[in-house]
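The values are calculated or read from the model by the stated rules, or taken from the named source; none is laboratory data. In this text the structure is predicted, and so the values were computed from the model without any measurement. Glycine also receives a Cβ, built like all others from the backbone with ideal geometry; neighbour counts cover every protein chain displayed.
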Amino acid sequence: MEEMLKLAQRENLITESTHRQMKGYIIADKVNRANAKKKYELAESLAREHIDSGYYGLYMELANAYSYQKKYQECYDVVKQFSDNYQYYYDYQKRMGWCSLRLEKWDEAKHAFTRYIQMTGGNAWSFFNLGKAYGYLDNYPAAYTLLIHSAKIDPSYSDSIKGYIDHILDEKPNTRELELSKLGL
């Protein structure tokens, strides 16, 4: 693939900008494979070395490498830096939500997970994490609703939500489920 890209550039079949983007795509694939093999430092190094390609996927792979290494501030910074350009990509919202949650930026986590669910329809993991964000913001009815919903989607979440639900009911004993539509979902 890289040889074909070099040939296309040599023959003036693609612009310099297209060449950079395609090279970024190739590197992003390598970074993705390094992340998949749990070679996170290699993934980070490759991504940082070629980040100037401007290819969106490379930024996300760098954010993933940071997240896998539990470097949540770096992950957050990379994703936040490109928030204006990529806010409509669901994977951006997912990573922003996760890193915000880990950094205790509850409102940003809430916003990102809400957008992720609106874009994808959500899954148990996203409803669970959105519920946690609402809980930390002391919006117990919303947290309760989302946590219960995550366990309805995937019953294996039942054990995970138990402690949160118990805390919510201790704080607000009369808490009941809301309609998801009242939460913009």
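Summary table
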| item | result |
| --- | --- |
| Some residue of region 121-132 being assigned by TED's automatic domain parsing to the domain that holds ASP107, of a type outside the set (Gly, Ala, Ser) and out of contact with any helix residue (DSSP H, G or I) (no Cβ under 8 Å at 6 or more places or on another chain) | no |
| Single unsatisfied condition, PHE113 versus (1) of a type in the set (A, V, I, L, M, F, W, C); (2) within 30 Å of SER53 (Cβ to Cβ); (3) outside any helix (DSSP H, G or I) | (3) |
| Selection status of THR145, surrounded by 12 or more Cβ atoms within 10 Å (Cβ to Cβ), in a helix (DSSP H, G or I) and of a type outside the set (Asp, Glu) | yes |
| Residue that is out of contact with any Cys (no Cβ under 6 Å at 6 or more places or on another chain), among the polar types (S, T, N, Q) and under 22 Å from LEU42 (Cβ atoms), where the choices are GLN69, GLN93 | GLN69 |
| Qualifying residue in region 47-67 (condition: more than 30 Å from SER17 (Cβ to Cβ) and in a helix (DSSP H, G or I)) | no |
| Residue within region 89-107 that is more than 30 Å from GLU177 (Cβ to Cβ) and not basic (Lys, Arg) present | yes |
| Those residues of region 111-152 which are in contact with a Ser or Thr (Cβ under 7 Å, 6 or more places away or on another chain) and under 15 Å from CYS99 (Cβ atoms), in sequence order | ALA112, PHE113, TYR116, LEU130 |
